[in-house]
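The values are calculated or read from the model by the stated rules, or taken from the named source; none is laboratory data. The structure displayed is predicted, hence computed values, not measured ones. Using ideal geometry, Cβ is built from the backbone for each residue, glycine included, and neighbour counts are taken over all protein chains shown.
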Amino acid sequence: MGQRDATRVSSDSTCSPVQHRRLEMADSDKPIDHGCLPAYEQADLPEPLPFNFRNALRTIGPGAILLAAAIGGGEWIVGPLMVVKYGAGILWIATAGIILQSLFNLEGCRYTLATGEPILTGIMRLKPGPTTWAIVWGALGTAQLAIPALAKGCAAVLFAAFMGRLPGKEDDLSVTLIASAVIVISVVLLLSGKSIERVLERLSWAMILFIFTFLLTVNFWFVPWAVWRENLAGFLTPQLLPEHIDLVLLCTFAATAGSGGLGNIVISNWFRDKGLGMGGRMGHIGGLAEHGVQVRSTGFVFPNTAANTTRWRSWWKYAVIDQSLLWAVGCFMGMLLNVNLVSAIVPDGVELQGYESGTFQAQYLAEHAWRGFWMLTLINGFWILYSTHLGNTDTLVRTLCDIAWSGVPAVRRWPIGRIYAVTLIVLTVWGLYSIHLGDVLELFKILGLVASPILALAAVQILRVNRRFLPAAARPPLWRQAALVITSLAYGLITAVVVYDTFFKAAE
């Protein structure tokens with residue numbers, strides 16, 4: 001794991017004002033500040049593969065996991081609903097959200113590339129200390145993702161695909177049983193491999209290939225170029241928001257056009273488990289098939305040498321490809337292709353609810369082209385929703401595990417893979433109960449509402465972490481720091497407006 005050449009910088013892990021002062025490192029031009037967790041160790045950055053296209057394909061991967069998780073409720077449910085309700089002029093909100101989240105993701109990954117620690121571990125180094133931030137982020141993550149909203153969406157789509165109709169109230173038991181099976185199958189898949197990140201990555205690439213092959217085929221077959229032009233203009237041209245817009249739906253759309261909250265943070269955990277940058281020295285979370293794998297709880301800093309600076313630049317190029325070209329472009333295309341199809345086939349004045357947009361697509365394609373499109377379209381919708389459910393499940397479980405692993409030394413008496421499995425099973429039991437608490441759209445709105453405050457808070461904390469803890473070569477330029485500030489302000493404003501509209505305006 002590269003620990004033999006690492007030297008302890010300081011053993012001080014307290015958080016008093018005096019002990020918070022930066023500790024000088026002899027061979028670096030930046031003082032070391034370790035905050036409220038044990039001090040970083042010193043080690044050189046691992047050598048990346050020479051930067052070229054072929055090695056980029058071998059190196060990237062976390063962006064595929066995040067993309068598979070991102071192309072879900074936002075593209076299948078909320079995006080089509082927004083376009084049907086308010087027209088293509090609303091789509092610039094998706095563009096803004098994807099751009100801001102792409103920059104946000106890279107800043108979280110910056111910390112992991114440089115230290116090997118997930119960004120939430122870096123946040124736990126900030127005052128008032130790891131206990132406070134473990135509680136805050138554990139609560140936020142649980143509030144957003146503990147209810148498996150999209151498992152119920154998967155169940156409804158599967159029911160429609162095989163029964164030839166939408167489920168009604170009389171079919172609630174059948175939908176619930178299918179959703180329960182979806183949840184249990186996800187547990188088996190996540191624990192089936194030696195590396196959970198590797199299992200997710202392989203599944204994600206397969207799901208992305210199927211989804212985009214289908215969407216591109218039907219878009220070029222059925223969508224007129226006039227619709228393409230109108231929607232592309234909507235993505236690229238900011239416009240005033242419509243009057244009386246559903247602010248909760250708008251908040252959900254702005255967040256889930258990208259990854260929508262906790263997933264934007266956990267991308268750094270997948271960077272570590274993939275072994276990118278200093279993550280190559282940290283280990284990974286293993287499934288039940290892996291024995292003896294351990295994850296370091298404390299990361300590294302690299303000395304300021306020409307060799308490390310060169311390695312850093314190569315690692316950073318790979319990160320930019322993973323998040324900007326793979327994830328951001330994939331999110332944009334996923335939203336465009338889904339809303340294109342809905343714009344082309346849904347008549348004016350038709351009201352859609354929840355996953356009905358997907359069923360409408362399936363019925364239209366079956367009637368106007370080939371009967372097999374009914375099944376094929378809904379199976380595509382299932383993969384869109386299931387990829388997000390699977391990614392969300394792993395996101396919450398690894399968030400809780402890594403928070404405990406970094407901040408609670410007693411937890412490290414057990415293998416982290418076992419902790420992951422136990423946490424997954426506990427959350428699965430809760431999920432099997434909580435799917436009874438509402439319909440798909442109601443449950444999905446909870447995910448979207450919590451996403452905005454998560455992004456607003458985390459953007460400020462990531463800015464603080466990257467300015468304070470990183471070596472000189474890895475610190476973000478001013479324009480990227482400004483992007484984090486804008487992200488925090490944008491999602492903070494959305495949160496404030498929704499809170500006011502929901503709780504205060506109604507009382508006036």
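Only one residue in LYS152, LYS169 is over 19 Å from the mean Cα position of the chain (by Cα), surrounded by 18 or more Cβ atoms within 10 Å (Cβ to Cβ) and either on the phi > 0 side of the Ramachandran plot or modelled with pLDDT under 90 (or both), so which one is that? Before the answer, list the steps.
Numbers: LYS169 fails: surrounded by 18 or more Cβ atoms within 10 Å (Cβ to Cβ).
One residue alone meets the criteria, LYS152.
Number of residues in segment 42-55 that are more than 15 Å from ALA307 (Cβ to Cβ) and buried (at least 17 other Cβ atoms within 10 Å of the Cβ): the value is 0.
Does segment 459-471 contain at least one residue that is under 16 Å from LEU140 (Cβ atoms) and touching a Ser or Thr at 6+ places or on another chain (Cβ under 6 Å)? So far as segment 459-471 goes, yes, one or more of its residues are under 16 Å from LEU140 (Cβ atoms) and touching a Ser or Thr at 6+ places or on another chain (Cβ under 6 Å). The residues on offer are LEU232, LEU177, and the sole one that is at pLDDT below 95, over 18 Å from THR359 (Cα atoms) and more than 19 Å from the chain's Cα centre (by Cα) is LEU177. Where helices (runs of 4 or more DSSP H) sit wholly within segment 389-508, those with at least 2 residues that are touching a residue at least 12 places away in the same chain (Cβ under 8 Å) and under 30 Å from ASP172 (Cβ atoms) occupy 416-434, 440-469. Inspect all residues belonging to segment 127-143 and state whether any of them is of a type in the set (S, T, N, Q) and under 27 Å from SER186 (Cβ atoms). Within segment 127-143, one or more residues are of a type in the set (S, T, N, Q) and under 27 Å from SER186 (Cβ atoms).
Let's see how each residue does on (1) under 22 Å from the mean Cα position of the chain (by Cα); (2) modelled with pLDDT under 90; (3) surrounded by 17 or more Cβ atoms within 10 Å (Cβ to Cβ):
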residue	(1), (2), (3)
TYR364	no, yes, yes
HIS368	no, yes, no
LEU385	yes, yes, yes
LEU396	yes, no, yes
LEU441	yes, yes, yes
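Scanning segment 313-326 for residues that are farther than 27 Å from ILE211 by Cβ and buried (at least 21 other Cβ atoms within 10 Å of the Cβ) yields one hit, TRP315.
Consider segment 36-71 and keep the residues that are among the small types (Gly, Ala, Ser) and part of a helix (DSSP H, G or I). The one that is nearest to ARG296 (Cα to Cα) is GLY63.
State all residues of segment 451-493 that are crowded, with 23+ Cβ neighbours inside 10 Å and among the β-branched types (Val, Ile, Thr); if no residue qualifies, say none. Passing the criteria: ILE454, ILE462, VAL465, THR487.
Give me the helices (runs of 4 or more DSSP H) completely within segment 89-203, filtered to those with at least 2 residues that are aliphatic (A, V, I, L, M) and free of Cβ contacts under 8 Å to residues at least 12 places away in the same chain, ordered by residue number. Before the answer, list the steps.
Details: elements: 92-115, 119-124, 130-145, 149-163, 172-190.
Filter on segment 89-203 gives 130-145, 172-190.
Which members of segment 264-298 meet the condition of being charged (D, E, K, R), modelled with pLDDT of 90 or more and in a loop (DSSP other than H, G, I, E, B)? Break it down stepwise before answering.
Within segment 264-298, the first condition is being charged (D, E, K, R), and the residues that meet it are 272-274, 281, 290, 296.
Narrowing further to those that are modelled with pLDDT of 90 or more: 272-274, 281, 296.
If the condition is that a residue be charged (D, E, K, R), modelled with pLDDT of 90 or more and in a loop (DSSP other than H, G, I, E, B), then ARG296 is the only one that fits.
Residues to consider are VAL346, VAL350, VAL329, VAL339; find the one that is surrounded by fewer than 23 Cβ atoms within 10 Å (Cβ to Cβ), under 17 Å from GLY89 (Cβ atoms) and either of a type in the set (Val, Ile, Thr) or at pLDDT below 90 (or both). Spell out the reasoning first.
On the way: VAL350 fails: under 17 Å from GLY89 (Cβ atoms); VAL329 fails: under 17 Å from GLY89 (Cβ atoms); VAL339 fails: surrounded by fewer than 23 Cβ atoms within 10 Å (Cβ to Cβ).
Exactly one of VAL346, VAL350, VAL329, VAL339 is surrounded by fewer than 23 Cβ atoms within 10 Å (Cβ to Cβ), under 17 Å from GLY89 (Cβ atoms) and either of a type in the set (Val, Ile, Thr) or at pLDDT below 90 (or both), namely VAL346.
Filter segment 61-106 down to residues that are of a type in the set (Phe, Trp, Tyr) and in contact with a helix residue (DSSP H, G or I) (Cβ under 8 Å, 6 or more places away or on another chain) and give me whichever is nearest to THR377 (Cα to Cα). Full working, then the answer.
Of the residues in segment 61-106, the ones of a type in the set (Phe, Trp, Tyr) are 76, 86, 92, 104.
Now drop any that are not in contact with a helix residue (DSSP H, G or I) (Cβ under 8 Å, 6 or more places away or on another chain), which leaves 76, 92, 104.
On the way: TRP76: 11, TRP92: 26, PHE104: 33 Å.
Step by step, filter segment 61-106, then rank; the result is TRP76.
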